[in-house]
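Peer 1: Here it is: the structure, laid out below.
The values are calculated or read from the model by the stated rules, or taken from the named source; none is laboratory data. Being a predicted model, the structure only gives us computed values, none of them experimental. Note that we place each Cβ from the backbone using ideal geometry, even for glycine, and neighbour counts take in every protein chain shown.
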Amino acid sequence: MTAARTREPPILHLVRLGGLVVPAHRSRSLSKRPIVLLFAALFAALAFSMTAVVPAHADETNTDKYQYIFSGNVKYNDKPLDAVKITVSGGGYSADVLTDEKGQWKVGVPDKKKYDITLDESTLPKGVIVTEGNTIEAEFGLTNNKTVNFFLGEGVRQTVSFFDQFVSRVMSGLNFGLMLALASIGLTLVFGTTGIANFAHAEMVTFGALMALTFGVVLSWPLWIAFPLAVVLTGALGWAQDVGLWKPLRIKGLSTVQLMIVSIGLSLGLRYIFQYFYGGKTYQLPDSGSTKITLLGPIALSATDMVSMAISIVVLVGVAYWLQKTKTGKATRAIADNATLASASGIDVDRVVRFVWIFGSALAGLSGILWAYFRPGIKWDMGWQILLLIFAAVVLGGLGTAYGALVGSIIVGLLVELSTLWIPSDLKYVGAFVVLIVVLLFRPQGLLGRRERIG
C-alpha cells in the first residue's frame, strides 16, 4: 500500500540614580549601536534557518467567513493522505474540503454547536478503508477551534509516560515563557517610565507578526530582510504613538486612569484596522510546522523551536546588559525609580521615554513573530488573545520591573503548559490566573516589585 507523498545614554555634582551616575546639569549621549547589531545577527540566524522549507498549507473552506474552525489530519499508518474529501454538516449547514498534501484540512462553521465530520471513503487511495466508521460527531469546547483527526490503518497504539509528558510540557512552557517575556518586558518598561497600563501593547504583538507576514509571505521578500524590517516597523509604530498621542496627553496632565482608557480605545481601533486589511483568516509563516527532532530522552524540539528559544534567550540577556551597563538603560531605571529626581539630575526624560516606547514596541513585534510560530498562525486578534497573560506576567513579577516581568513570564508559561496534564487544554490559561491571585493576596507588589510602586 502506498500513501501520498509529502512535499515539502567641568562636572559640579554627581548624582547616583537607578545605577547611573549623572551630572546635575546635563545628560549624556546614549549609545544604541550594540543592540541594533545584536538584533540584526539574531534575525539573520532565524531567517536562514527557516528558508529551507515552506510547507503547504491545509486546504480551507469558509475559514475567512466564520470564526468557529474545525481542522484535522487524515493519515494512513502515520502517513498523510491528500485529496481526501471531508464533509462538515449540521444545523442545516454543510461544507466540503479536500485534504492537502500533508493530510490537513480546515472548515469554518457559522455556529458553536454539534457537527458531523464525515470522511468520504470513495476518495481514499485504493485498498485503504475505514474500519471503525467514517463519521465523527464533534463539538466545540471553550475555544473557537476544534481538531478532528482520522487515523487509518492498523497502527500500534503508543503510550507516553507521565514523566515524559511532564518533561515535554516543561520545554514547551519554557519556550512559551521566553516568548511571553519579550512582550512583557516591553509593557513593563513603558509602565515603569510613564505609568501607562498600555492595553494597545497587544496590537504591537499583532503588528509585528502581520508585517512579517506581509513582507515575508505576501511580497515574498527574503526572511532575513522581512523579519528585521517587521521589528523595525513595529518600533516605528511605537515612536509614532508617543509623538502623536502619548506625549501630548502627558503634557496635558491626564491621569493614569484616563491614559489607560485611551489605550483601550487605541487597542480596539488598531485591532479592527488589522481585521479590515487582513480579514479574519489565519495565516502561516514559512516553516511553521517543521518536524520535531528528538534531542534527549523525551525532549523533542523542531529547528524553529530551538532557534526561537535561542533568540529569546540572547535578546533577554541583551536587555539585561542594556539595563545594567548602558547609559540609556540606567537612565530608564532612574526614571522608573523617580522621574522628577531623574529630570532634576540632568536626564532628558522625554528622550528616554521615547526610546522606551520604540524599544518596547520592537520587543513586542519580535514576540509576535515568535508567537506566530508557537501557536502556530497569524490572525488579526492574536495579540489580544495573550494580553491577559502578558499583564498576568507583569503583575506577578512586579509592576515596572523588567526582571520581574521575566520571572513572571517564565512562571506563567510553565503553568499554562503543565496545567494540561491535569485539566482540559481549553482551561489551561485559568491556572496562571489562579496562581496570580494567590501570589497577590500574600505579596501585592509582586514577586520582585517594591511596595512603594503599588497604589
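Peer 1: Anything in segment 354-389 that is modelled with pLDDT of 95 or more and within 15 Å of residue 197 (Cβ to Cβ)? List them, or say none.
Peer 2: Matches in segment 354-389: 356, 357, 360, 364.
Peer 1: Residues in segment 294-302: is at least one under 18 Å from the mean Cα position of the chain (by Cα) and assigned to a helix (DSSP H, G or I)?
Peer 2: Checked against the condition, which is being under 18 Å from the mean Cα position of the chain (by Cα) and assigned to a helix (DSSP H, G or I), segment 294-302 yields no hits at all.
Peer 1: Restrict the check to segment 266-283 and report whether at least one residue is of a type in the set (Gly, Ala, Ser), farther than 24 Å from residue 405 by Cβ, in a helix (DSSP H, G or I) and modelled with pLDDT of 95 or more. Break it down stepwise before answering.
Peer 2: Applying the first criterion (of a type in the set (Gly, Ala, Ser)) to segment 266-283 yields 267, 269, 279-280.
Cutting the leftovers down to farther than 24 Å from residue 405 by Cβ gives us 269, 279-280.
Of the ones still in play, those that are also in a helix (DSSP H, G or I) are 269.
Keeping just the survivors that are modelled with pLDDT of 95 or more gives 269.
Yes; the residues of segment 266-283 include at least one that is of a type in the set (Gly, Ala, Ser), farther than 24 Å from residue 405 by Cβ, in a helix (DSSP H, G or I) and modelled with pLDDT of 95 or more.
Peer 1: If you don't mind, another one. Six or more apart or on different chains, Cβ atoms under 9 Å: show the pairs whose first residue is in segment 67-89 and closer than 10 Å to residue 119 by Cβ and not assigned by TED's automatic domain parsing to the domain that holds residue 126 and whose second is acidic (Asp, Glu) and modelled with pLDDT of 90 or more.
Peer 2: Sorted first by the residue in segment 67-89, then by its partner, the list stays empty.
Peer 1: Is there any pair linking a residue in segment 324-351 that is in a loop (DSSP other than H, G, I, E, B) to one that is surrounded by 16 or more Cβ atoms within 10 Å (Cβ to Cβ) and modelled with pLDDT of 90 or more, with Cβ under 7 Å and at least six apart or on different chains, and which?
Peer 2: Partner pairs satisfying both residue conditions: 347/331; 347/334; 347/335.
Peer 1: If you don't mind, there's one more thing I want to ask. Which residue pairs have Cβ atoms under 6 Å apart, sit 6 or more places apart or on different chains, and have a first residue in segment 354-383 that is assigned by TED's automatic domain parsing to the domain that holds residue 235 and a second that is of a type in the set (Lys, Arg)?
Peer 2: Matching pairs, first to second residue: 381/271.
Peer 1: What are the pairs with Cβ atoms under 8 angstrom where one residue, in segment 137-153, is aliphatic (A, V, I, L, M) and the other, located anywhere, is loosely packed, with under 12 Cβ neighbours inside 10 Å and at pLDDT 85 or above? Sequence gap at least six, or different chains.
Peer 2: Here the result reads 138/114, each pair linking segment 137-153 to a residue that is loosely packed, with under 12 Cβ neighbours inside 10 Å and at pLDDT 85 or above.
Peer 1: Whether any residue in segment 403-419 is more than 14 Å from the chain's Cα centre (by Cα), farther than 27 Å from residue 147 by Cβ and at pLDDT below 90 is what I want to check.
Peer 2: Of all residues in segment 403-419, those more than 14 Å from the chain's Cα centre (by Cα) come to 403-408, 411, 414-415, 417-419.
From what is left, the residues that are farther than 27 Å from residue 147 by Cβ are 403-408, 411.
Subsequent filtering for residues that are at pLDDT below 90 retains none.
No, segment 403-419 contains no residue that is more than 14 Å from the chain's Cα centre (by Cα), farther than 27 Å from residue 147 by Cβ and at pLDDT below 90.
Peer 1: Something else about it: Among the residues of segment 208-227, write down those that are surrounded by fewer than 22 Cβ atoms within 10 Å (Cβ to Cβ), part of a helix (DSSP H, G or I) and of a type outside the set (A, V, I, L, M).
Peer 2: Passing the criteria: 214, 215, 224.
Peer 1: For residues that are among the polar types (S, T, N, Q) and within 15 Å of residue 409 (Cα to Cα), scanning just segment 178-207, find the one that is surrounded by the fewest Cβ atoms within 10 Å (Cβ to Cβ). Before you say what the answer is, go through the steps one by one.
Peer 2: Residues of segment 178-207 that are among the polar types (S, T, N, Q), as a first pass: 184, 188, 193-194, 198, 206.
From what's left, within 15 Å of residue 409 (Cα to Cα): 184, 188.
Numbers: 184: 34, 188: 32.
Among those residues, the one meeting the criterion is 188.
Peer 1: Considering 202, 236, 197, which residue is in a helix (DSSP H, G or I), in contact with a helix residue (DSSP H, G or I) (Cβ under 7 Å, 6 or more places away or on another chain), of a type in the set (A, V, I, L, M, F, W, C) and in the same structural domain as residue 311 (by TED's automatic domain parsing)? Give the steps one after another, and end with the answer.
Peer 2: Working: 236 fails: in contact with a helix residue (DSSP H, G or I) (Cβ under 7 Å, 6 or more places away or on another chain); 197 fails: in a helix (DSSP H, G or I).
Being in a helix (DSSP H, G or I), in contact with a helix residue (DSSP H, G or I) (Cβ under 7 Å, 6 or more places away or on another chain), of a type in the set (A, V, I, L, M, F, W, C) and in the same structural domain as residue 311 (by TED's automatic domain parsing) holds for just one of 202, 236, 197, which is 202.
Peer 1: Is segment 410-427 home to any residue that is touching a helix residue (DSSP H, G or I) at 6+ places or on another chain (Cβ under 6 Å), in the same structural domain as residue 316 (by TED's automatic domain parsing) and not in a helix (DSSP H, G or I)?
Peer 2: no
Peer 1: Mind checking which residues of segment 413-433 are of a type in the set (Asp, Glu) and surrounded by fewer than 17 Cβ atoms within 10 Å (Cβ to Cβ)?
Peer 2: As a first pass, look at segment 413-433 and keep what is of a type in the set (Asp, Glu): 417, 426.
The answer is 426, and nothing else.
Peer 1: Right, here's the next one. Does segment 145-152 contain any residue that is surrounded by 16 or more Cβ atoms within 10 Å (Cβ to Cβ), more than 30 Å from residue 129 (Cα to Cα) and either at pLDDT 85 or above or assigned by TED's automatic domain parsing to the domain that holds residue 419 (or both)? Lay out the reasoning, then the answer.
Peer 2: Looking only at segment 145-152, we keep the residues that are surrounded by 16 or more Cβ atoms within 10 Å (Cβ to Cβ), and these are 146, 148, 150, 152.
If we keep only those that are more than 30 Å from residue 129 (Cα to Cα) too, we end up with none.
Within segment 145-152, none of the residues are surrounded by 16 or more Cβ atoms within 10 Å (Cβ to Cβ), more than 30 Å from residue 129 (Cα to Cα) and either at pLDDT 85 or above or assigned by TED's automatic domain parsing to the domain that holds residue 419 (or both).
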